[in-house]
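Worksheet: the structure to be examined is printed underneath.
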């Protein structure tokens with residue numbers, strides 16, 4: 001599926017073992033079911049920078065994924 005910048009997506013599954021860890025920036029790693037915004041789309045290699053925020057707008061995590069690493073579902 002083709003996504004656009006600022007699409008809101010849900011993480012349906014991880015297709016590889018690559019996961020971000022909690023660090024100085026990411027409060028926690030991504031999880032299946034998380035809702036995130038595509039904040040950037042990369043072309044070489046193709047990928048998506050996703051940002052997941054809590055109800056107060058605080059970033060939970062921001063991670064770049066290649067399409068073969070994660071299955072996403074368009075929310076809106």
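Here, each number is a calculation from the coordinates, and none is a lab measurement. Note that the coordinates shown come from a computational prediction; the quantities given were computed from them, not determined experimentally. Here the Cβ is made from the backbone with ideal geometry for all residues, glycine too, and neighbour counts use every protein chain on show.
Extension gain for residue 3 to residue 28 (0.36 nm times residue separation, less C-alpha to C-alpha distance): 6.6 nm.
The candidate values were [x] 113; [y] 90; [z] 71; the one computed from these coordinates for volume of the Cα convex hull per residue in Å³ carries the label [y]. Entry note, the range 8-74: relative contact order of 40 percent, from Cα contacts under 8 Å with a spacing of 6+ residues.
Going from the residue with the fewest nearby Cβ atoms within 10 Å to the one with the most, 62, 10 rank 10, 62. As a proxy for reagent exposure, ranking 13, 43, 53 by other Cβ atoms within 10 Å from fewest up yields 43, 13, 53.
What is the gain in length, in nm to one decimal, between residue 44 and residue 16 on full extension, counting 0.36 nm per residue of separation less the C-alpha to C-alpha distance? Before the final figure, lay out each step's value.
Numbers: separation 28, 0.36 × 28 = 10.08 nm, distance 1.94 nm.
Taking residue 44 through residue 16 to full extension adds about 8.1 nm, to one decimal.
Here 56, 7, 34 are placed in order of increasing Cβ neighbour count within 10 Å, fewest first, which gives 56, 34, 7.
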